[in-house]
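Data first, discussion second: the structure below is written as structure tokens.
The values are calculated or read from the model by the stated rules, or taken from the named source; none is laboratory data. Worth saying up front: this structure is predicted, and the values here are computed from it rather than measured. We place every Cβ from the backbone using ideal geometry, glycine too, and count neighbours over all the protein chains shown. For accessibility, only protein heavy atoms count, side chains too; no ligands or nucleic acids. Shrake-Rupley method; radii C 1.70, N 1.55, O 1.52, S 1.80 Å.
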Amino acid sequence: MMRTLAPAVLLALAAAPAFAADVTVLTARRIHTMDAARPQVEAMAFDAEGKVLALGNVRELLAQHPGATRLDVGNATVVPGLIDAHGHMSGLGWGMLTADLVGTTSKAGILARLRDKARTLKPGEWLIGRGWDQNDWPEQAFPTAADLDAAFPDRPVWLSRVDGHAGWANSAAMRAVARDLSGDWQPDGGSIRRDATGKPTGIFVDNAMALVESARPAADEATAEQALVLGMREAVAHGLTGVHDAGIPLEELQRYQRLADRGQVPLRIYAMADGNSAALESLCAHGLYRHPSGRLQMRAVKLYADGALGSRGAALLSDYSDDHGNRGLLVMSPEELAAAADKAHRCGVQVATHAIGDRGNRIALDTYAKALGADVAGDHRWRIEHAQILAPEDLPRLAAMHVIASMQPTHATSDMPWAEQRVGARRIVGAYAWRQLRDAGTHLALGSDFPVESVDPRLGLYAAVTRSDARGLPAGGWYPDEKLTAFEALRGFTLEAAYAGFAENEVGSLAPGKRADFVVLAEDPLAVPEAALRTLTVRATYVDGKPVYEAPAR
């Protein structure tokens, strides 16, 4: 049996007795196990079911398994499979099926991409896009429907902001909304931006987005499934063997189930129910879910405390420094958040709450303390997703309450050009505070929040270690005291992410009895210069000992 990763990779099959035919011995220049008992080895044996049997040096493992298949990756480095602790798989796939606006730096650039996409659509079909960010434009102000109307007077256009917490509609899309949008009313947990006359400008923030979303024609099932397949394919190509899909409806879980039944889920999906809805009801009624393949489970619920900083929807304890009178939005009221947390606790479901502003984080922590009661000292592993801005007195509460900080390093490097303008010099000290949280004893699970950021975990490793952009700016890093080491960053994407999904005894490190989920890298992420972390070469991604991605031969 021969498998080829690349021309430089040697795969040799030794003559084997029948009893050893189902064992593979992987050899590499080095294998970082993330296992404290044996942190670095050069060989690993695993069986046909993808279970790790032993680790050690080449000679001893080949002696133990004389007839094993030999998988020699030469001078490469092997690390445990990378796990993104917060992503949105269908959003990643939909981004490939709709207009991609990520990286645009002006309205003109957006219109050019939209015109290209519109040429592929039928007359009257909605033009959907994602990824705009007004903070990257010269004017740094929210756009309006008028900016789209001249190019698209009749075709409905609906464009999600890069963070998914605001949408931009043209007039045709707003005409499709069933409710009159004029006046001074606002939906709970959302904001319709209006001009001085009460006319909507075309910007809908947080829960207000649902008004336009409900008017948009639903996608057919085949296309929705395709989005998941595309997203998963992209994830494994970047070295991900696991993703925590942060907030999906019951029908999306069922979509995953059908794919898993057909053997079409190439990585491990840790799905979270989308709030206090049908998916959470299903968990309460039928128990925590795990697919027989081990590739899919749901035992958590994603709640929302507030909105996002970029759209000034993050809930702050005092006014925005650049928008006096505005303290952000509560997407769920404290009462709604408490009711959902209480239900989850009764049902044994892990709670993961989106909280970005210092007020949002405090409400989340207060809600957890009340809902958990005496159980706050136990192994509940409740999480705060993002934990982006914390008041100094709240920073140590996460460790004290055994709450996991699920954070995304690239958020800091994307937000750093304008974040301090939003919150000021005093509050920025508690923002993106990875080092403070980790040193306080908080479990730090790392991810990307794709497609808000790139799905590529290499960018997260680089951002965590440097706190600099792709050009290495600012030199020395932005608030460099919050940097992580390369080992800590890798741990955040492996063992800590696994812990956040109750899976540290199965994945996250390479040790006997665990799953053979691993990534083959041409370079060593713990030995290369910091700048090289962005460009590590992913040669192959393995799940359960089988390749789910192999780089094309060069």
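Counted by Cβ distance under 9 Å from Leu250, the other residues give a net charge of -4, where Lys and Arg count +1 and Asp and Glu count -1.
The Arg59 and Asp22 beta-carbon pair, evaluated with R₀ = 25 Å, returns a calculated FRET efficiency of approximately 0.70.
In this label model, Glu335 and Gln257 are separated by 3.4 nm, measuring between points 7 Å along each Cα→Cβ vector.
Annotation: amide H of Ile248 within the under-5 Å range of Met272, Ala273, Asp274, sequence separation 5 or more or interchain, hydrogens built in the peptide plane.
Each principal axis of the Cα atoms in segment 446-554 has its own extent, and those three values, largest first, are 43, 38, 29 angstrom. Between Arg290 and Ala400, residue separation times 0.36 nm minus the direct Cα-Cα distance comes to 36.6 nm. Packing here is the average count of other Cβ atoms within 10 Å per residue, and on that basis the peptides 68-74, 304-310, 386-392, highest first, run 304-310, 386-392, 68-74. Once backbone amide H atoms are built at 1.01 Å from N, Ala314 has Gly307, Ala308, Leu309, Leu329 as its partners under 5 Å, excluding neighbours fewer than 5 places away on the same chain. One chain, two ends: Glu125 and Asp322. Fully extended at 0.36 nm per residue, the span grows by 67.1 nm beyond their Cα-Cα distance. Across every pair of non-identical alpha carbons in segment 102-250, the mean reciprocal distance, once inverted, gives a Kirkwood radius of 16.7 Å. Rolling a 1.4 angstrom probe over segment 15-151 with all protein chains present gives an accessible area of which 51% lies on carbon and sulfur atoms. Spacing of the modelled spin labels on Ala178 and Phe502, each 7 Å from Cα toward Cβ, amounts to 3.7 nm.
Within straight-line reach of Lys514, meaning a Cα separation under 18 Å, sit the following lysines at least 8 residues removed in sequence or on another chain: Lys51, Lys546. Rg and Dmax, both from the Cα atoms of segment 159-233 and both in Å, are 14.4, 48. Ratio of Rg to Rh for segment 190-256, alpha carbon only, Kirkwood? Computed over Cα atoms, the ratio is 1.14.
For a paramagnetic label modelled on Leu111 (point 7 Å from Cα along Cα→Cβ), amide N atoms under 18 Å away belong, within segment 187-231, to 202-203.
For the chain, no complete DSSP H run has alpha carbons reaching 30 Å or more along its own long axis together with a mean Kyte-Doolittle score of 0.0 or higher. Max-minus-min Cα coordinates of segment 332-475 on each principal axis give 49, 31, 28 Å, with the largest extent listed first. Solvent-accessible area per residue in segment 414-554 equals 36 Å², computed with a 1.4 angstrom probe and all protein chains kept. Taken as Cα centroids, segment 48-90 and segment 426-460 sit 28 Å apart, rounded to the nearest whole angstrom.
Here each label is just a point 7 Å from Cα along the line to Cβ, and for Ala377 and Thr223 those points are 5.5 nm apart. In order along segment 527-543, the phi-based Karplus estimate (6.51 cos²θ - 1.76 cosθ + 1.60, θ = phi - 60°) of 3J(HN,Hα) comes to 10, 6, x, 3, 4, 6, 4, 5, 10, 3, 9, 7, 7, 6, 10, 10, 10 Hz; Gly and Pro are listed as x.
By the Cα gyration tensor, the chain has an equivalent ellipsoid whose semi-axes, rounded to whole angstrom, run 40, 26, 23 from largest to smallest.
Given +1 at the Cβ of Lys and Arg, -1 at the Cβ of Asp and Glu and no other charges, the dipole of the chain around its Cα centre is 860 debye to the nearest 20.
Over what distance in Å are the Cα centres of segment 110-179 and segment 478-552 separated? Cα centres, segment 110-179 to segment 478-552: 37 Å. Our coupling estimate for segment 479-488, obtained by passing each phi through the Karplus curve with A = 6.51, B = -1.76, C = 1.60 and θ = phi - 60°, is 6, x, 4, 8, 4, 10, 6, 4, 5, 5 Hz, Gly and Pro reported as x.
Residues whose amide H lies under 5 Å from that of Ala431, counting only those 5 or more places away or on a different chain, are Leu390; hydrogens are built 1.01 Å from N in the peptide plane. 3J(HN,Hα) couplings calculated from phi for segment 67-83 with the Karplus curve 6.51 cos²θ - 1.76 cosθ + 1.60 (θ = phi - 60°) are, in sequence order, x, 6, 5, 9, 10, 9, 9, x, 7, 7, 10, 10, 10, x, x, 7, 10 Hz; Gly and Pro show x.
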